[in-house]
Structures are given as structure tokens and as C-alpha cells.
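Okay, structure first, notes after.
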Amino acid sequence: MTFFERNKAKIILISVTLVLIILMAFSSLPGGKANPVSNVLGVVISPVQKAVSWVLDGTGGFFDYLVNMKQFESDNADLRAHITALENEVRETEQLEKENTRLRALLELRDRSPQYDLEAAQVVARDPGNWFITFTIDKGTSSGVGAGNPVIVDSGLVGYVYEVGSTWAKVRTIIDPSSAAAATVKRTGDTGVAEGNMSLSEQGLCAMSYLQKDANITAGDAIETAGTGGIYPPGLYIGKVLSVEADADGISRQAVVEPGVDFESLGMVMVIKSVLNAPEVGQ
């Protein structure tokens, strides 16, 4: 096989390239009118130039798209971060509004309860797994808080302090199964004991037990502390009656009571350190 036969394709490619170069050189000679060679070359090369230009333009657009896409992704990430920051600000604002509402309610409670020496305290911990029946506050003996002090909020009785340190105290709520308070039906004066119940405490409720069989008590009646027993002063709102039924012994009746306090949302409370002007029981 000869040299030409072995390199036929390369020789043809080189020859065509040289011819094109020569033609392009002639076509670039000065003159206002295209010469025949330049005209023919333009007809031949023009489609090739268009194809090359289309490819180059498409490639450039593609790379522009990639660059813009990166920018879009960066802008999108910035927007998501901004939205997250705004959502956090909204939540913080809502929390502050709730805290302000609680503080205003406590100040109003202090204003309308001049008979009590009150100490404001914040709930700082809840005992896990107890359905909010006990919790810890940030005030103790250094603030004059003592064991047995009643704890209230604007919506009613919370419970009492059962353990206290210098800067903290633990509170047992009225729905705790070990909690009990002498109670009275505000409308009729019937008395009983408001106490925690294991099954009811899981629902945030308590019971009023030891009611007389003929006690005139119905759903919707308001229940208050009776003022006997040595812990709670009289007239503290406990809650309202949901239902009444006979006790298992058949001698007395028991009422299911919905406390006025939402124990799950407690944030601030008032501790009654002492009663300044104690009214007589029954007045």
C-alpha cells in the first residue's frame, strides 16, 4: 500500500483546508464589490458560519443559564433564611404578647386582692409525666415564700407550696391525687372536699366529694374554697361543676369539677404569703 493510500483521508483534509485558506485570502482583498471567488466562498461558507454561530450562541446561553441557576439557588436560600427569621420573630412577638397578658392579669389580681401579701413567681420546671400536677417556681424563702402558701392566678386557685428552698419552691396543684381543699358551692352554700382524682387529673379535672345526698348542686355551679383546713383562705375560685353523681356508698354525692386554671399554660403565678385582712368564714 502506497503512502497516499495509507494517508488518503488526511491528505484530502489538509488539501481542502489549504484551498479554503487561499480562497479566504483572496476574498479579503480590498474592493467594494465582491469578486467571483469571494462570492462563491461566501455561498459555501455562509451555512457553515451560521451553524457554528448557532452552536456557539447555544453554548453561551447554556452557560449563562448555569450561572443564573446558581444565582437563583443562592437567592432562594437567602429568601428561605429570611422567611425563617421572620417566622422566629413572629413567634417571639407572640410569646412576648402572651407574657405581657399574663403580667397584666397578675397586676390586676394584685390590685383587686389587697387582703393578701402576694409574691409573683415564674414557673421554671414541670415534673415530667405528671400531667402538670406539680411544678417548680423561681421564688423561695429568700422572698418570703413558705411551705403551705396558697398559689393562685387571675383565673382561680392553682394549689399550694409543698416544698421550698431559698430561691425555689415546688407547687402541688388542686388536681394532684394527694391534694384536698375544703370547698363550698357558691350558690347554695353546700360543702364538700375538692380533691384530685387519678383518672380525672389526666383530663385536667378534679372532684368535689362528700357532698350531702340532698345537696342542691347542679352542672354550672361555681365552687370556691370554704376557708377551713388551715391552707386556703375562703372565696378562692376553684372551678365549675360539670356533672353530679351518687358516690359508691350511696350516702353522699360527688361532682366532677373543671378548674378555672389551665395548668398546661401556666407561666406566672402569685403566691399568697399571708392574709392581711382575713374575712370571717361564711362572710
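The values are calculated or read from the model by the stated rules, or taken from the named source; none is laboratory data. Quick caveat, the model's predicted, so the values are computed rather than measured. Neighbour counts run over all protein chains shown; Cβ positions are idealised from the backbone, glycine included. Accessible surface areas use protein heavy atoms only, side chains included; no ligands, DNA or RNA. Shrake-Rupley method; radii C 1.70, N 1.55, O 1.52, S 1.80 Å.
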- Return the sequence-ordered ³J(HN,Hα) values of the range 200-212 in whole Hz as given by the Karplus equation 6.51 cos²θ - 1.76 cosθ + 1.60 applied to θ = phi - 60°, using x for Gly and Pro. 6, 4, 5, 9, x, 10, 9, 10, 10, 9, 6, 7, 4
- Message: With the cut-off at 1.5 for a/c, could you classify the range 143-283 from its C-alpha gyration tensor as rounded, prolate or oblate?
- Response: prolate
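Can you tell me the order of 81-88, 212-219, 112-119 when each peptide is scored by its average per-residue count of other Cβ atoms within 10 angstrom, highest first? Write out the running numbers ahead of the final one.
Details: 81-88: 10.0, 212-219: 13.5, 112-119: 15.5.
In descending order of packing, they fall as 112-119, 212-219, 81-88.
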- Could you point to the residue in L211, S179, G235 farthest towards the positive end of the range 148-273's charge dipole, with +1 and -1 charges on the Cβ of Lys/Arg and Asp/Glu respectively? G235
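When the solvent-accessible surface of protein heavy atoms is calculated with a 1.4 angstrom probe, in what order do S179, S265 fall, highest first?
Details: S179 5, S265 50 Å².
Result, largest first: S265, S179.
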- Query: Using a Förster distance of 22 Å, how high is the FRET efficiency between R187 and A246, based on the Cβ-Cβ distance and rounded to 0.05?
  - Reply: 0.60
- Item | Global form of the range 234-280, assessed from the alpha-carbon gyration tensor, a/c cut-off 1.5 | oblate
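What accessible area per residue, rounded to a whole number of Å², is obtained for the range 147-227 using a probe radius of 1.4 Å?
Values: 3230 Å² over 81 residues.
Averaged over the residues of the range 147-227, the accessible area is 40 Å².
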- Note on the structure: Between the modelled labels at K213 and M268 (7 Å from Cα along Cα→Cβ) the distance in nm is 5.0
- Message: Suppose the chain between N68 and N100 were pulled fully straight at 0.36 nm per residue; how much longer would it get relative to their current alpha carbon spacing?
- Response: 6.8 nm
- Task: Output ³J(HN,Hα) for the range 71-77: one whole-Hz value per residue in order, computed from phi by the Karplus curve 6.51 cos²θ - 1.76 cosθ + 1.60 with θ = phi - 60°, and x for Gly and Pro.
- Result: 5, 4, 4, 5, 5, 4, 5
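Sorted by accessible area with a 1.4 angstrom probe, largest first, how do D75, D262, D190, D111 fall?
Working: D75 65, D262 90, D190 35, D111 120 Å².
In descending accessible area the options line up as D111, D262, D75, D190.
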- At a 1.4 Å probe radius, carbon and sulfur cover how many percent of the accessible area of the range 169-217? 45
- Under-5 Å amide H pairs with A183, H placed in peptide plane, nonlocal only: G192, V193, A194, A226
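If you take the beta carbon distance between R91 and D127 as r and set R0 to 35 Å, what does 1/(1 + (r/R0)^6) give as a FRET efficiency, to the nearest 0.05?
Rounded to the nearest 0.05, the efficiency is 0.85.
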- Label points 7 Å out from Cα along the Cβ direction at D75 and Y162: separation in nm? 6.2
- Can you give the accessible area of V271, probe radius 1.4 Å, in Å² rounded to 10? 0
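Using the heavy atoms of the protein chains and a 1.4 angstrom probe, tell me the accessible area per residue for the range 228-269 in square angstrom. Could the numbers behind the result be given before it?
On the way: 1950 Å² over 42 residues.
Per residue, the range 228-269 has 46 Å² of solvent-accessible surface.
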